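So the structure is just underneath, and the comments pick up after that.
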Amino acid sequence: MSTLPAEALSAGVPAPAARDAEEAAPLAPPARLLPSLAAVYKAQLSRARVARIPLLFVATFQSIGIMIMMRGVVDGGSEARAVVAGSTVLVVAFVALNLLAQYFGRLRADGGLDHYATLPVPPAAVVLGAAGAYASFTVPGTLVTAVTGAVLFGLPLGHLWLLAAVVPLSGAALAGVGAALGLLAPRQELATLLGQLGMSAALLLGVLPAERMPEPILWARDLLPSTYGVEALARAFDRHPDWTAVALDLAVCGVVGVLSLALATWAYRRAAVR
């Protein structure tokens, strides 16, 4: 006949329960941000890989077509630099803002957020991973658009390395806005509409030369996150860029990107608990 431990008898706890409590393993530590971000990024990249070629073709063809149409209106100078820079950043807006708003709107409507809510990953990793995957699709398209526009308008190509800073910073700002629109929209159709309106704003306010816009439209242009990326890239097409102004534009674009991604993370938490 087995005897119970004195501690178990005195506490009124059966011996197996007391043994299980003593041998229970500690809980696993919460998932860290960077490994979770990498996992979400790879998963999103592999899921959307099938649609990558059509996305790149549509976004790039659209921007090149706009530059060809504007070639008959704009001859050169600052206006040509604005058209090429705006068309290049428009590729980013098409994917990072428009398509990401549709993706998160559909994810919320289909209950896909419930799946992510059960995973031990920080909300910021879900937002940043999806935004980074969608923005990655824009890299080849922006390069092709910028080179084609520079050749079309006779602009120098020596400073196109600045795309390495303009694309991720503009992509972060626009992706944060797109994700927030998709997560905050009460219906999927409204998220699609908002994404389309955002891309239209990037088209009208980013591609058209600022010198030809009335003052109220310029105020709206200053509020658009991609404007500062367009301004920085437009200066890169100058033979002697103002690097101080370029750095200032990129800094503003980076700050807006951090704020927009923080807004998208808050919107994800808000949508996931409902």
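The values are calculated or read from the model by the stated rules, or taken from the named source; none is laboratory data. Keep in mind that what you see is a predicted model, and the values were worked out from it rather than measured. In this analysis, Cβ positions are derived from the backbone assuming ideal geometry, glycine residues included, and neighbour counts consider all displayed protein chains. Accessible surface is based on the protein model in full, side chains and every heavy atom, while ligands, DNA and RNA are left aside. Shrake-Rupley method; radii C 1.70, N 1.55, O 1.52, S 1.80 Å.
Quick look at the numbers
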read-out: Within the stretch 183-200, tally of residues that are open to solvent by less than 30 Å² (accessible area, probe 1.4 Å) and closer than 24 Å to Val252 by Cα; value: 3
read-out: Sole residue being surrounded by 24 or more Cβ atoms within 10 Å (Cβ to Cβ) and at pLDDT below 90, chosen from Gly178, Gly171, Gly149, Gly158; value: Gly171
read-out: Ile64 vs. criteria under 30 Å from Gly149 (Cβ atoms), modelled with pLDDT of 80 or more and open to solvent by 80 Å² or more (accessible area, probe 1.4 Å); value: no
read-out: Any chance Ala131 is more than 13 Å from the chain's Cα centre (by Cα) and among the small types (Gly, Ala, Ser); value: no
read-out: Residue within the stretch 120-142 that is among the β-branched types (Val, Ile, Thr), out of contact with any Leu (no Cβ under 9 Å at 6 or more places or on another chain), over 15 Å from Gly178 (Cα atoms) and open to solvent by 10 Å² or more (accessible area, probe 1.4 Å) present; value: no
read-out: First in the stretch 217-244 and closer than 18 Å to Leu205 by Cβ and open to solvent by 20 Å² or more (accessible area, probe 1.4 Å), second anywhere and in a loop (DSSP other than H, G, I, E, B) and modelled with pLDDT under 90, Cβ under 6 Å, 6 or more apart; value: Arg235/Pro241
